[in-house]
Amino acid sequence: MTASAPPPPDPAAPPDQTGVHPPGYSGGRTPERDSRPAAAPPDRTGVHPPGYSGGGTPEWGDVVRPHAEEVYAAELAALAKTDDRARPPSWRLSPWAVATYLLGGRLADGTEITPKYIGQRRLVEVAVATLATDRALLLLGVPGTAKTWVSEHLAAAISGDSTLLVQGTSGTPEEAIRYGWNYARLLAEGPSRAAVVASPVMRAMERGALARIEELTRIPSDVQDALITILSEKTLPIPELDDEVQARAGFNVIATANDRDRGVNELSSALKRRFNTVVLPLPADPEEEVGIVARRVADLGAALGLPAELDALAEIRRVVTVFRELRSGTTADGRTKLKSPTATLSTAEAISVVTSGAALATHFGDGVLRAADVAAGLTGAVVKDPVQDGLVWAEYLETVVRERDGWDDLYRACRDLA
């Protein structure tokens, strides 16, 4: 039969519209990073999202955020060395070792595995067990619940590569999930496998690895459905070549999504049936959330050159209290009902507020984190809609903050901004 291929694009269009790497790229690192010279060890640590509890001091030169499999290579190697349990095909570790890597623990040889995620153990076990089956995994939750962080670490522990990633947006094309074309080669040589530009999902199928899809519900619905055949048949047809790519053992997909933000596209029923869904909740306990924020702020502070001795715990407690009360619609003592703003007020946003305050205290203050340093970030996090949220915030300041013992400084700082 005569193979056909799509016409070349408009030469005036910008290049690399598919967002995937060119032929010859083997995945795992960008060509620029592959070719750079080794850098001297830095005096700072990598940074980590909510749920990270500390540990891991990589030698990454001036890289802002190394990949999980790089930062925790020593822990992954220690787990692989001591792991004597059954491993699914193509997995680097057993499911038990993957869960231990995420949740932390002490190995038989004394190696300490730092927790990467703080939350319910059973949720992590269900997520790992799902990936050991033929079902794809959907991590669902409001923004700021460490979905991306968990996804990255699962891919790092299972496949040793967390970079087979599709970032979902409203403009994500079908080529980012299936494949694109190298049009220069297509015109010069005609349709062939050499002219196909493999997507991260296609490369994961060929290797028997995990592909990650971030913000699945931001991808247009018709593009989402390109996953249906991949997930059900474990096959990616290439009709232009009368060919196909069949997934190797170990291939699976981890997707993340939230249904809270605007611009979300509902998944079709057919696609939903091909995922097992694990909902990652916000921290249930105030002290747990305070601990997560404190550890994350310390990590970010080290990366940003903020003083390690900066005492932020008192302000962290207040920021977390404000967020939790406005999220729940009631004060911590349950005596006062509150209106909730349109903002999510997630743990990640609390981390941002405190980190911004720490930068203010360091560069424009005396190095002591005070209410005036967090007031601007706190107000900006709560007031997303100037009218509706502004009224909610003003009422909270007058009825709760103003009347609470020891919070006079926060009340004055926030009111001064208003």
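Per the listing ALA136, ALA155, ALA108, the residue uniquely aliphatic (A, V, I, L, M) and surrounded by fewer than 16 Cβ atoms within 10 Å (Cβ to Cβ) is ALA108.
Between ALA371, ALA361, ALA332, ALA270, which is in the same structural domain as GLY144 (by TED's automatic domain parsing) and in contact (Cβ under 8 Å) with a residue 40 or more places away in the chain?
ALA270
In a residue-by-residue description of region 367-384, the property of being in contact with a strand residue (DSSP E or B) (Cβ under 8 Å, 6 or more places away or on another chain) and among the aliphatic types (A, V, I, L, M) applies to no position. So for region 121-142 (the condition being touching a His at 6+ places or on another chain (Cβ under 7 Å) and either in a loop (DSSP other than H, G, I, E, B) or closer than 26 Å to PHE323 by Cβ (or both)), does at least one residue qualify? No, region 121-142 has no match at all.
Keeping to region 334-375, report how many residues are in a loop (DSSP other than H, G, I, E, B) and of a type in the set (Phe, Trp, Tyr).
0
For region 115-128, residues that are under 23 Å from ALA78 (Cβ atoms) and surrounded by fewer than 16 Cβ atoms within 10 Å (Cβ to Cβ) total 1. Whether a residue is buried (at least 20 other Cβ atoms within 10 Å of the Cβ) and on the phi > 0 side of the Ramachandran plot was assessed, and LEU345 passes this test. Annotation: of all residues in region 324-333 being among the hydroxyl-bearing types (Ser, Thr, Tyr) and not in a loop (DSSP other than H, G, I, E, B), the one that is farthest from the chain's Cα centre (by Cα) is THR330. Could you go through region 296-308 and let me know if any residue there is free of Cβ contacts under 8 Å to residues at least 12 places away in the same chain, under 30 Å from ALA350 (Cβ atoms) and not assigned by TED's automatic domain parsing to the domain that holds ARG135. For region 296-308, residues free of Cβ contacts under 8 Å to residues at least 12 places away in the same chain, under 30 Å from ALA350 (Cβ atoms) and not assigned by TED's automatic domain parsing to the domain that holds ARG135: present. Within the option set TRP91, TRP60, being modelled with pLDDT under 95 and of a type in the set (Phe, Trp, Tyr) holds for one residue only, TRP60.
For the criterion of being under 19 Å from the mean Cα position of the chain (by Cα), under 28 Å from ILE292 (Cα atoms) and free of Cβ contacts under 8 Å to residues at least 60 places away in the same chain, TYR101 passes. For region 237-290, the candidate set comprises residues that are closer than 28 Å to VAL320 by Cβ and of a type in the set (Val, Ile, Thr); within that set, the residue that is farthest from the chain's Cα centre (by Cα) is VAL290. You will find that of THR169, THR217, the residue that is surrounded by fewer than 23 Cβ atoms within 10 Å (Cβ to Cβ) and in a loop (DSSP other than H, G, I, E, B) is THR169 and no other.
Filtering region 173-199 to residues that are assigned to a loop (DSSP other than H, G, I, E, B), at pLDDT 95 or above and either among the hydroxyl-bearing types (Ser, Thr, Tyr) or not assigned by TED's automatic domain parsing to the domain that holds GLU214 (or both) leaves only SER199.
Looking only at residues in region 318-342 that are among the basic types (Lys, Arg) and under 18 Å from GLY144 (Cα atoms), which one is surrounded by the most Cβ atoms within 10 Å (Cβ to Cβ)? Reasoning before the result, please.
Step one: filter region 318-342 for residues among the basic types (Lys, Arg), giving 318, 324, 327, 335, 337, 339.
Still in the running and under 18 Å from GLY144 (Cα atoms): 324, 327.
Numbers: ARG324: 21, ARG327: 17.
Once the filter is applied, the top-ranked residue is ARG324.
Kindly evaluate SER151 against the criterion of being touching a residue at least 24 places away in the same chain (Cβ under 8 Å), out of contact with any helix residue (DSSP H, G or I) (no Cβ under 6 Å at 6 or more places or on another chain) and farther than 29 Å from SER346 by Cα. No: the conditions fail for SER151.
Against the list (1) assigned to a helix (DSSP H, G or I); (2) charged (D, E, K, R); (3) surrounded by fewer than 20 Cβ atoms within 10 Å (Cβ to Cβ); (4) in contact with a Gly (Cβ under 6 Å, 6 or more places away or on another chain), the condition ARG295 fails is (3). Inspect region 392-414 for any residue being without any contact (Cβ under 8 Å) to a residue 60 or more places away in the chain, in contact with a Lys or Arg (Cβ under 6 Å, 6 or more places away or on another chain) and not aliphatic (A, V, I, L, M) and give the result as yes or no. Yes, some residue in region 392-414 is without any contact (Cβ under 8 Å) to a residue 60 or more places away in the chain, in contact with a Lys or Arg (Cβ under 6 Å, 6 or more places away or on another chain) and not aliphatic (A, V, I, L, M). Name the single residue that is nearest to ALA146 (Cα to Cα) among those in region 197-233 being of a type in the set (Val, Ile, Thr) and free of Cβ contacts under 8 Å to residues at least 60 places away in the same chain. Per the stated criteria, the residue is ILE213.
Quick one: in region 220-264, of everything that is part of a loop (DSSP other than H, G, I, E, B) and closer than 17 Å to LEU139 by Cβ, which residue is modelled with the lowest pLDDT?
Narrowing region 220-264 to residues part of a loop (DSSP other than H, G, I, E, B): 220, 225-226, 234, 242, 247-251, 258-264.
Still in the running and closer than 17 Å to LEU139 by Cβ: 258-261, 264.
Numbers: ASN258: 86, ASP259: 71, ARG260: 69, ASP261: 66, VAL264: 78.
Residue satisfying both the conditions and the ranking: ASP261.
The values are calculated or read from the model by the stated rules, or taken from the named source; none is laboratory data. Just so it is clear, the model here is predicted, and its values are computed rather than measured. Positions of Cβ are backbone-derived with ideal geometry, glycine not excepted, and every protein chain shown enters the neighbour counts.
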